[in-house]
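The values are calculated or read from the model by the stated rules, or taken from the named source; none is laboratory data. The model shown is predicted, which means the values in this text are computed figures rather than measured ones. Using ideal geometry, Cβ is built from the backbone for each residue, glycine included, and neighbour counts are taken over all protein chains shown. The protein model used for the area step is the full one, side chains on, heavy atoms only, and it has no ligands, DNA or RNA in it. Shrake-Rupley method; radii C 1.70, N 1.55, O 1.52, S 1.80 Å.
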Amino acid sequence: MWLFWMPGVLALAAAAFLLARRLHAARDHAARLAARLAAVLAGRGAGLAVWRADGRLAACNPRFREFYPDVPIRPGLALEDLVRATVTRGLVQVPEAEVEAWVQARLAGAREAACDVVRTADGRWLEMRIGPSGGGETLLLYTDVTAAREADAALAERDAQLDGRAAELELLQAALAIAGEAGSFEAAARRINERVCGWAGWPVGLAWRAVDDGGALAPCPEALVIDGDGLEPLRPALAAERPARGDGLAGRVLQSGRVVWVANAESDPTFPAARRASMPGIRGACGVPVRRGGRVVAVLEFLAREQLVPAESTTRLLDGVGRALGTAPDPGSSQSWESAP
């Protein structure tokens, strides 16, 4: 009879052997996964935490704990508690009215992968990645990307500087071209005023000619540029001015032969009160000398709605624009200037 049961015993033994092999293989696979996870968790380049399907912490590496110096990070910690601690303990600054929405958005990322870059309370940039793994767990990865963000910001600033230099060069080249091809000083002054106002975003550009052997200035109505709501009433007020040498912004430029800035016309004592009262909405101003043969023969003046903080590079550029305009037809030979009020 034992021969009758032999095939069943052999089949059972074979099945047990196969099951044992599978269990052994599964244990080996689990061991390899555990070793791989341990190696990943040991890395210090990023903070990594693994959360079980029930939303509780399974494991994390030391780097992850460094992001929460005041929070006990232990296995079993609820993911929601940690996410709330991220904002309530000040790791990431979120307006109080937006805290709950911020928390819920990150918890939603546990079900669908999400990535966010935030500014930490101590000024660092932190990339926060959260998403489900293939086995039902949730992975939370923190990477300090401050160095990369600062490098990007420096590169962007450098690009902006290069763009600014290119725009400055283009403006200076345009001024030289305009002065060379204009039929009169007035025409050149107007076109250059338009280019400078467009480049700087200033709404008003005007020109003065030196008269009375350089003792005073007379306006050049043909060169007046006004581009701004509510500023058109400035036209008759500016046309009526005739500043003396050293008087007001244009007179100071005539006297000094240098670019002169008025950072805030509302508080600058050198800016005439009558001029200030006639220019509502104007705060900053800049005067540029136009030279010929070493003598100031004209002055360009620009008005701005905002305060002006002069940069040395801008001062040099505007001085170059004035020198370029000085190569235009001599303003002293223009009858229209001599007949100006």
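Please sort by residue number the trypsin sites (Lys or Arg not before Pro) in segment 110-140 whose DSSP state is loop and whose Cβ has at most 11 other Cβ atoms within 10 Å. The qualifying sites are Arg111. Here segment 152-200 exposes an accessible surface that is 53 percent carbon and sulfur, computed with a 1.4 Å probe and the other protein chains kept in place. Counting only protein heavy atoms and a 1.4 Å probe, segment 230-341 has 46 square angstrom of accessible area per residue. Using the Cβ-Cβ distance between Ala263 and Glu137 with R0 set to 45 Å, the FRET efficiency works out to roughly 0.15. Extension gain, Cys115-Asp330: 0.36 nm per intervening residue step, less the Cα-Cα distance, totals 70.9 nm. On full extension, the segment bounded by Ser313 and Glu66 gains 84.4 nm, given 0.36 nm per residue less the C-alpha separation.
The loop-placed GluC sites (Glu not before Pro) in segment 208-306, going by DSSP, that have at most 13 neighbouring Cβ atoms within 10 Å of their Cβ come out as Glu266, Glu306.
Between Ala154 and Asp227, the distance separating the two model label sites (each 7 Å from Cα on the Cα→Cβ line) works out to 3.7 nm. Legend: P(r) of segment 186-327 from all alpha carbon pair distances, 10 Å bins from 0, whole percents, reading 13, 49, 35, 3.
Ligands, DNA and RNA are left out, and with a 1.4 angstrom probe the accessible area of segment 107-155 is 55 Å² per residue. Heavy-atom accessible surface of Tyr68, to the nearest 10 Å², is about 10 Å², with a 1.4 Å probe and all protein chains retained. Multiplying the residue separation of Ala78 and Gln104 by 0.36 nm and subtracting their alpha-carbon distance yields 8.0 nm.
Residues Asp116, Asp54, Asp70, ordered by accessible area of protein heavy atoms at a 1.4 angstrom probe radius and largest first, appear as Asp70, Asp54, Asp116.
For segment 61-135 and segment 227-277, what is the separation of their Cα centres, given in Å? Value for the Cα centre distance between the two parts: 57 Å. Of the whole protein surface, Glu157 contributes about 110 Å² of accessible area at a 1.4 Å probe radius.
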